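Derivation of every value follows stated rules applied to the coordinates shown; laboratory data play no part. Keep in mind the model is a prediction, meaning the values are calculated, not measured. All Cβ positions, glycine included, derive from the backbone under ideal geometry; neighbour counts span all protein chains shown.
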Amino acid sequence: MLSGRLAFLSVVVLAAVSVLARAATIRITIDKLAFSPAVVSTRVGDTVEWVNKDALAHTATARDGAFDVTLPPSKTVSSVLKKAGTLDYYCRFHPNMKATLTIAP
Ligand SMILES: [Cu+2]
């Protein structure tokens, strides 16, 4: 059944394309001790890229322990989001630096 196999293959290809299309990279810049944008909506599977423009080290530390990323001065660090939820995070060195990631399933 060639047509049946073709139909199956096109479903597989469409599924793969939609998964690839859904995974996005979200850039969050840290400049002068602030995360920008401070509130970001993402999905599970997306990559967050923190770009530290400061001459100081920072961290992106989730309050619930979901992640704790060290951000050296003038460096970019990426992290793939694995769990849905609303995550408040902050910088351990500068606790008044706060931001929120909303991660949809
Ligand atoms: Cu900091």
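Of note:
- The residue that is nearest to Gly65 (Cα to Cα), among those in the stretch 79-98 that are of a type in the set (A, V, I, L, M, F, W, C) and more than 11 Å from the ligand (Cβ to nearest atom), is Leu87.
- Strands (runs of 3 or more DSSP E) contained entirely in the stretch 28-78, each with at least 2 residues that are within 12 Å of the ligand (Cβ to nearest atom): 47-52, 58-62, 68-71
- Subset of the stretch 89-105 (residues that are more than 13 Å from the chain's Cα centre (by Cα) and part of a strand (DSSP E or B)): Tyr90, Lys98
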